[in-house]
Every structure is written in C-alpha cells, then in structure tokens.
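The values are calculated or read from the model by the stated rules, or taken from the named source; none is laboratory data. Every value quoted in this text rests on a predicted model; they were computed, and no experiment measured them. Cβ atoms come from the backbone with ideal geometry, glycine included; neighbour counts cover every protein chain shown. Just the protein is used for accessible areas: all its heavy atoms, side chains included, with ligands, DNA and RNA removed. Shrake-Rupley method; radii C 1.70, N 1.55, O 1.52, S 1.80 Å.
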Amino acid sequence: MGTPRFAIRPFLWIMMVCLAVSGSPRGATAQTTDFSYPDKLFGGSYSFTLKTDEVMVRLATAAGAKADRLDAEQLAASQGLEIVRDEGIDAHGFVVYRTAGKSATSVAATLAASPGVGRAYPALVNSDGTTRYFAPDQVVVQFEPGLSEAAMLDHIARLGSDVDIDHWTPGFYTVTVPADRDVFDHVRAFIGLADVQFAELSTISFNDESFVPNDPQYANQWALNNTGAGPFTADADGDVEEAWDIERGNPNVIVAIVDTGVDWDHPDLQPNILQNLGEDADFDGQTMIWNGANWVQDPGDINGVDDDANGQIDDLFGWDFANNDNNPNPSTNAHGTACSGLAAGVANNATGIAGVAHFSRIMPLRVNLASGMNQNRADAINYAVGEAGNYAAMVVSCSWRCSSGSTISVQNAVINARNNNVLPVFAAGNGNGVVDFP
C-alpha cells in the first residue's frame, strides 16, 4: 500500500508545476497596487504613484554579454515605443521608454513577456512630482550592525534572492528580486525582518552632476576674487584671498571627492592626490610613481592583498565605486576632475587654476552620476568616513543631486558622516531655487 502512495506524489507535484508554468507568461510578474514602503530607519514612508506614459526595462542578454543601443532600438520598434533615457544601457542594461499613448501598466506587462526583456515596470512619481527611476529586479538592504555574514546571507536566501552587489559598507547589499515577485512586495518583505535596518528600491539617477566652470584661468575665478571686471560686482565673492592669509589648507585635512572620478595624474592635481600608504606594500613611501613618461600606480604595491584591512584590495589612492576597482580615473566625464581642482588644486605653480584649500589632499572616489545606482554614492561616503580616523579632518564633497528622489541609503551615509565628525558638503545646484539635497 505504501509504494503507490509515494509514486503518485511526485506525479502530482510535476502536474502542479506544469500547470503553474503554463498559466504564467515568461517574465510576467503580478504587479502590486501598493507602491509604498515604510522608512524603518528614520520613520515615515516612501509612497509613489504611477507615471502613466513611461516604462522602465532591464534588457536581458546572454551570460557575459552586455546590452547596447541597438537592442533598445529594436525593442522600441517592435512595440511602438520611444526611447526616453538610454544612459544606463551600458552599465545596467536599463532603458526608459515613452509608451506613445498606451497605458504604462499594460505596456510593462507586454514587455515582461517579450524576448530580450529581463524585467519591465512603469516609472513612478515621487511625492514632489519628480520621476523615480529604479531597477525593478533589485532591492537594496542594510542589515543591523553586528549580524554575522552567514545570518545575513541566510535571510537573503530565505526570501528567494541572490546577492547582486556586496557593497563595501558592512551589511549593505543589493539583491535580486525573484522573477515571480513584485519589487515593492520584496522591499516590504525585507523591512519585515527584525535584523534589517532598512530596505528600499535600487534607485537610478541620471546626469546628476552640478555645473562647474571649465575655465582654467584664475583671473576668471570671480567667485574666489571678484575684481568687478566686465558685468561683475567688485568683491561679490567668497573672500578667498583674505582667507588665504589665515589658512590655505593642510595635508592632513582630506577632501574626498565623491564624483565622476578624478584625473589623478593631472599636473595641477597629482601632487595633492592622497596616496594610501597603508597599501604601500614595497615600503618605498609612495603608491603612485613616475615611470619616465606618466604617473602610474606603483606596481610594487599591487599585490592582491588588503594590506590596511579596510575592506578594499590595493586601494592605492581612492576607489572606483562605479566599476568596483582601484582606478578612480574618470571614463569621459571631467566633472569630478574640475571639482577636485576647485577644492584643492595646486596653487602658485603657474599651471591651471588655484584650489581653495590648495595645501589639503584629495581622495578620489568615483561613482556613476550619468546613470548610477544611488547606493554606490552611499558606499563612497561611508568609505570616506571609514578612512577619516587616519587624518586630522575629512570633508566629503558631493557636487551632485539625486534626480530620482532621495534615498534612505544616501541619507544614512550623510548621518553616518556627521556622527563621526566628517563634514559632508553638497552642491546648491544651478536652478536658483530650492536646494536639491539628496
């Protein structure tokens, strides 16, 4: 009697699986109607409404391959859509489409079952009317301090997720959303765990650099010393020359530039780039050397070991949090280089401009401001805070905004900085209006 019973159960299980699969189109996920989640860390909640004419797509590719503009264009042509944002294709396979009069919800459902689409979701609207873009297949989660890695990974696995990014900040992860689950339901599931400090969407922001002038001549740096030439008003400036009579910076005061990267071998910056001697494996007193033609990373220090035990391997002078490597040089965008020059470029050397704190040193921390996930910005700020104890003072320069709306991750990193006597400084923006604080 026992044998037939055990033979039937696997058969029934297989039938149930087949029925479930046959009833669910490939890639389709039941979308929630509750676009909100509580802010477990600071109180209150995040609540959004649907943006009716835009849909976000994570393009699917073969293992090891990357999506490109052609993939996005082919999908747009096949569905009668218009590409709105494509800055995130290369980094994340992320595209935003305008739905051309069709419902964003229905278009997202159609796209979710289409070949070449990993996940699709309508764009959302923040409470202030701005648009919230995010990866619909990811959730950001911060566990409580002191929890073991094994316990954190167990929580992640029990909710059906995998680790997409294990961030530098302890207990801070970007995880996947199971294919059969809505991203908001998954955020709330993590928030419901007692061991989770906060969870939120994996927000993506675009072109968040705040403008800085591109003129290399100090005579034109009127904000530092306004002589009243041309249309300007004399002495309508920061009185920087007067301040220089008192203080011109200090090598033990570090300015961490959280931005698009720093051209660290630039002749007006290189002497002031902070070299991390905790990673000086060959003990020659430098982690950057002149090879006869260029400044390069010291080969004698690249040993694949975290010599200073700060969680990053061979971070000789800063870190690239966009590509997760030890070269914070910009790809194409010079915004971070310009900000570095304004903050602490070398002065009185007959080259380029004069930095305000030109005796201080620069810690280059690269993030992606063109189409980056905001948790990387939080990670960079936390890294600077972690290094602050090695120096007399640390300032974190953030000349950017969060165009898709504020995030708990960045807010928590800023508070972490303040709580550890690190000064975070954000740009006022260029709109001559309300300060766009992250």
With every protein chain in place, the accessible area of R418 for a 1.4 Å probe, in Å² rounded to the nearest 10, comes to 140
Largest-first ranking of H266, H186 by accessible area, probe 1.4 Å, whole protein assembly kept, is H266, H186
Region 283-411: Kirkwood hydrodynamic radius (Cα pairs, Å) comes out at 16.2
For region 128-140, in residue order, the Karplus 3J(HN,Hα) values (coefficients 6.51, -1.76, 1.60; θ = phi - 60°; whole Hz; Gly and Pro = x) are 8, x, 7, 8, 9, 9, 7, 7, x, 10, 9, 9, 9
dims of region 52-159, Cα set, principal axes, largest to smallest, nearest Å -> 50, 39, 23
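Okay, helix-only estimate at 222 nm for the chain: each DSSP H run of n ≥ 4 adds -39500 (n - 2.57), divide by all residues, round to 500 deg cm²/dmol; what do you get?
Helix contribution divided over all residues of the chain: -7000 deg cm²/dmol.
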Net charge (Lys, Arg +1; Asp, Glu -1) of residues whose beta-carbon lies under 14 Å from that of A393, A393 excluded, is 0
Of all DSSP beta bridges having both residues in the chain, the percent classed as antiparallel (nearest 5) is 70
Excluding ligands, DNA and RNA, the carbon-plus-sulfur percentage of the accessible area of the chain with a 1.4 Å probe reads 55
Of V196, V125, ordered by accessible area with the largest first and a 1.4 Å probe, the sequence is V125, V196
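Hey, with R₀ at 51 Å, roughly what FRET efficiency would S47 and W290 work out to, going by the Cβ-Cβ distance, to 0.05?
0.40
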Contact order relative to length for the chain, counting C-alpha pairs under 8 Å separated by 6 or more residues, stands in percent at 15
Between the modelled labels at A91 and N250 (7 Å from Cα along Cα→Cβ) the distance in nm is 3.5
The extension gain from N348 to D185, computed as 0.36 nm times the residue separation minus the Cα-Cα distance, is 52.9 nm
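Keeping every protein chain present and rolling a 1.4 Å probe, give me the accessible area per residue for region 37-143 in Å².
Accessible area per residue: 41 Å².
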Normalised Cα Rg of region 236-344, dividing by 2.2 N^0.38 Å with N its residue count, works out at 1.17
If exposed means chymotrypsin sites (Phe, Trp or Tyr not before Pro) lying in a DSSP loop and surrounded by at most 15 other beta carbons within 10 Å, then the longest stretch of the chain lacking such sites spans residues 43-210
Among (1) 125, 54, 32; (2) 93, 52, 45; (3) 77, 53, 50, the entry matching Cα extents along the principal axes in Å as calculated here is (2)
Net charge (Lys, Arg +1; Asp, Glu -1) of residues whose beta-carbon lies under 9 Å from that of S409, S409 excluded, is -1
Expected field for M373, accessible surface area in Å² at 1.4 Å probe radius, rounded to 10, holds 10
In debye to the nearest 20, the charge dipole size for the chain, taken about the Cα centre with +1 at each Lys and Arg Cβ and -1 at each Asp and Glu Cβ, equals 2300
Quick calc: nm separation of the 7 Å Cα→Cβ label points for E149 and T105 -> 4.4
